[in-house]
1. Of the conditions (1) over 20 Å from A:Ile637 (Cα atoms); (2) of a type in the set (D, E, K, R); (3) surrounded by 15 or more Cβ atoms within 10 Å (Cβ to Cβ), A:Arg687 satisfies every one except a single condition; which number is it?
2. Test A:Val124 against the criterion of being under 26 Å from A:Glu86 (Cα atoms), hydrophobic (A, V, I, L, M, F, W, C) and either without any contact (Cβ under 8 Å) to a residue 40 or more places away in the chain or touching a Lys or Arg at 6+ places or on another chain (Cβ under 6 Å) (or both), and give yes or no.
3. Can you pull out the residues in region A:232-276 that are assigned to a helix (DSSP H, G or I), open to solvent by 40 Å² or more (accessible area, probe 1.4 Å) and among the hydrophobic types (A, V, I, L, M, F, W, C)?
4. Given (1) part of a strand (DSSP E or B); (2) closer than 22 Å to A:Glu407 by Cα; (3) more than 9 Å from RNA strand B (Cβ to nearest atom); (4) open to solvent by 20 Å² or more (accessible area, probe 1.4 Å), where does A:Tyr309 come up short, assuming only one miss?
5. Go through region A:344-365 and give me each residue that's among the small types (Gly, Ala, Ser) and either crowded, with 21+ Cβ neighbours inside 10 Å or away from RNA strand B (no atom under 14 Å from the Cβ) (or both).
6. For A:Lys536, which of the numbered conditions (1) outside any helix (DSSP H, G or I); (2) more than 21 Å from A:Leu143 (Cβ to Cβ) fails to hold?
7. Would you be able to say whether some residue in region A:407-422 is assigned to a strand (DSSP E or B) and closer than 30 Å to A:His160 by Cα?
8. Give all pairs with beta carbons closer than 9 Å in which a residue from region A:698-719 that is open to solvent by 20 Å² or more (accessible area, probe 1.4 Å) meets a residue that is within 16 Å of RNA strand B (Cβ to nearest atom) and polar (S, T, N, Q); count only pairs at least 6 apart in sequence or on separate chains.
Amino acid sequence: MQDYQPGEIEAKWQRHWEQTGQFTPDLNPDRKKFYMLTMLPYPSGDLHIGHWYAMAPSDAYARFKAMQGHEVFFPIGFDAFGLPAENAAIKHNIHPKEWTYQNIERMRGQLRSMGNRFAWDHEVISCDPDYYKWSQWFFLRMLEKGLAYREHAPVDFCNHCQTTLAREQVWGDERLCERCNNPVVKKALNQWKLRITDYAEELLDFSQIEWPEKVRLMQTNWIGRSEGAEFAIAVQGHEQSFRVFTTRPDTVFGMSFCVLAPEHELVEAITTPEQREAVDAYRELAARKEEIERTAEGKEKDGVFTGAYALNPMNGQAVPIWIADYVLASYGTGAIMAVPAHDERDFAFARKYGLPTPVAVVEVGTHDVPEGSELEEPLLVKENSVMVNSDAFTGKAWPSSFDAVVEHMEAAGFGARQVNYRLRDWLISRQRMWGTPIPVVYCGTCGLQPVPDAELPVTLPDDAEFKPTGESPLKHHQGFLKAECPKCHGPAERETDTMDTFICSSWYYYAYLFPYWQKGETLSADSQPWDREVMKRWAPVDQYTGGIEHATMHLLYFRFYTKVLADLGLLSFREPALRLYNQGMILGEDHEKMSKSRGNVVNPDELVQRYGADTVRTYLMFLGPWDAGAPWNPQGIEGAARFLKAVWSLVQQPLPEAAGEAAVEKKVQRALHQMIQKVSEDMAHFRFNTAIAAMMSFRNVLKAEGIGRSLMLESLQALLRLLAPIAPHLTEELWQVLAPETGSVHAQPWPTFDPSLTKEDEVTIAVQVNGKVRERLEVPADLSKDELEQQALQAPRLQPHLEGKTVRRVIVVPGRLVNIVVN
RNA sequence: GCCGAGAUGGCGGAACUGGUAGACGCACCAGACUCAAAAUCUGGCGAGGGAAACCUCGUGGGGGUUCGAUUCCCCCUCUCGGCACCA
């Protein structure tokens, strides 16, 4: 018998599968299609065990679906733009393109060693001009529709990476850059944004997709919808008024002051001469605070009185207008009505500055309405609140209190119902070179002009100079910079900002179906980015897999993009992926996140060298539930290796010659059908760990003496087919031993089970006395309830526990247990 | 602070709809094979008590519902993830 040599057989089958084109889908299949997608990797240079943990189980699922009769498309590509390439360029004096393609070449080999059924001939690399030409084309369409716009506004800027960042890329309390972990600062710049907020409402609707609750929740919170009212407040003695947003219009009679954000446009006009100095000083400080790193400083609220008064539109009462930086310029209207009696922040502010805290709502059923001055903490009631001290509205209870006030505002014409979102428009400008150029030019005469479609793509120069200035080399590359105005043909300057790389990954799953579509062809506004018929047949993605860390970034952007593309008339559906599964994270041996500095990184290449890809795959899937992630155990992999070796020897051994023993065969057959059932159910739900456990158990059953030739053959064939998605090479090699005439194991149908054969004919019944197991009885599975009760009551080992006691009750659960209640 | 997930042997984990807790694997112990080791095979393996039969305890802690709770309810502790002055 030959030894199991994974190195040889794995390389052999990988070559064979690719040469025979087994994994290239038929785009016009006569069977049901299945688009399986795993998040595309960034070509950092080395495949990490985390890539394996994400991709090998995805592959197993794709293979499982294929064996179940689907035409499966499981593509792969590279998210190839990004900052690391530029950093490498500066450090090693190599063009980012060169660095990136070298890495891709290396990672292709590593990815192939995994044995995945990737459709390599559909590979897409996002830094290829034939790819980003379409990113630019989409951008131009969005520009026409007003979905892309340029704005001068304060944005988050990372000094280390020398670029702006989207809100989603700024992390944590300390507001750190997602990439380099340095604190970001605020900077006012001209920046390109996409109107994702136009889609806020639709993005909250998950009814068309089956996504994990966790992601839906995170996206919902991120979008942050709140219902309320917006209304105008006049400034006493001024023409101007300002608008405020509130979720509690029913508390409007409790307004005792107003607060404007320091940047609010009205501050200048309404500040009185006496307050001018204090207000200016505060505004300056607030502005600096945004520039200075916003480290964890005390969160005590402070502010300054403007000297002006606002008139409560409900009753004409004058209240002071303050400025304070706890009111954000970027949310709502940048101004609030402060109702300190019913809001924690307003309360703290009011107490600090001695402002009144009048009560406007109380809990239903309150007899004595408290005096505002007596409050020790704000009165936070909503669902069970009733309005008090509120003129004609007194006595109105939630939720009609809300409606009554809003209806009054609408009738009187100073306010209306309003929905606000925390979601901000997507800032896509990056001051980096290694990204998709934004296809616009700036002309001294004509201003901003889009690059004509026929001139796409605007390509990156191959000869840019990389200096450690931190600035994008595009800014100094005359060949790139100089352009002709498409309108007046005078001299113009190209936009040097590039697009956020999340733009590339927002539509890559469509590009996979048509890699480098219309390569080299001239475009126009009427170009078609894909074959509509094939797109209709294959998209959207049936199953997407990837890490949860993208919940409010990529996973939000790509839903948004699909909706935009649908509105551009390019797609006939509005969600990119019907089902999503988020795998967990593989941790180091020390239960900590893997990192070079901790020295707990596991190198997959070494493991493949030592154990073979099949063993690595099997172990990764056996570790635990896929969505939970698990720590790596260097010894644990031995278990997977032993199991595969055992399967190897089991199949390589000569089949038994002697006839089977009926009793043994019955047991083995039952175990076989139970295994098929269990593995089928588990695979369908990504429960690879228990599927593998079931196969291990079955292999233990196959050790029994007395299994006849045909049952052994049937058992091994079933086992190989069930194991094929997990250990594709080993099973392929062994399949050629058992059934070479049928071709590849991966082309075999998934085994089916006979439910009648999974049933046990004898069961173990636990017999309890007062809930404690005292005996276990082997009885026929179909034994009647009464007989079961009788047998249980008579069981000899139970008698000492029944002696001298009265049987009060007997609970019989057929097939499970008998519980005798005595006292 | 708010929202979400979780806590089971030495370790990773399993357990249907409330019904025998610890499947499967790792580690460990003993035995077989071997001159020996590795590999492989066989058996054992939650804790405590007992010569044994067995008994008691045991799924983060406390309480509750139930004949019966890892599973349901209430309170608490800890861990992880997300958000964070969002009016």
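The values are calculated or read from the model by the stated rules, or taken from the named source; none is laboratory data. Nothing here was measured: the structure is a model prediction, and the numbers come from that model. Here Cβ is always computed from backbone atoms with ideal geometry, including for glycine, and neighbour counts include all displayed protein chains. Heavy atoms of the whole protein, side chains included, go into the accessibility calculation; ligands, DNA and RNA do not. Shrake-Rupley method; radii C 1.70, N 1.55, O 1.52, S 1.80 Å.
1. Result: A:Arg687 passes all but (1).
2. It is false that A:Val124 is under 26 Å from A:Glu86 (Cα atoms), hydrophobic (A, V, I, L, M, F, W, C) and either without any contact (Cβ under 8 Å) to a residue 40 or more places away in the chain or touching a Lys or Arg at 6+ places or on another chain (Cβ under 6 Å) (or both).
3. A:Ala269
4. In the conditions (1) part of a strand (DSSP E or B); (2) closer than 22 Å to A:Glu407 by Cα; (3) more than 9 Å from RNA strand B (Cβ to nearest atom); (4) open to solvent by 20 Å² or more (accessible area, probe 1.4 Å), A:Tyr309 misses (2) alone.
5. A:Ala350, A:Gly354, A:Ala360, A:Gly365
6. So the condition that A:Lys536 fails would be (1).
7. No: zero hits.
8. No pair meets every condition.
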